[in-house]
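Only the coordinates and a few stated rules stand behind these numbers; no lab work does. The model shown is predicted, which means the values in this text are computed figures rather than measured ones. As a convention, Cβ positions derive from the backbone with ideal geometry for all residues, glycine included, and neighbour counts pool all protein chains shown.
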Amino acid sequence: MLYDTQVDSQQFTVKIRDRGQMTIPSKLRDSLSIGKGDILNLYQIGEGFYLTPEPLRTYELSNKIADMMEEEGVTLTDLLEDLPNIREEIYQERYGQKSS
């Protein structure tokens, strides 16, 4: 597979209590190795939020990607020009046919 765009996901329902507290289901805590006293990060995204046991590393990763692009002489224009081909490759890989 050229591009791994699949993400494992599950839905969990939680209830917010009086002081804004919620319980993270044990199955989820166990799978993410979250324990008593651990600190989580909560990010607002539009009208929703993302809760993660580790800080998002978007800034750090974007800098690494920019450095790699500079080293290889690849520009943002190069990436954008190739984007339709990449999308087509992903579509063919996922659905076994050309997109319409």
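Structure summary
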{"read-out": "Of all residues making up region 41-100, the number that are in a helix (DSSP H, G or I), more than 16 Å from the chain's Cα centre (by Cα) and not β-branched (Val, Ile, Thr)", "value": "26"}
{"read-out": "Only listed residue being on the phi > 0 side of the Ramachandran plot, small (Gly, Ala, Ser) and loosely packed, with under 10 Cβ neighbours inside 10 Å, chosen from Gly48, Gly35, Gly20", "value": "Gly20"}
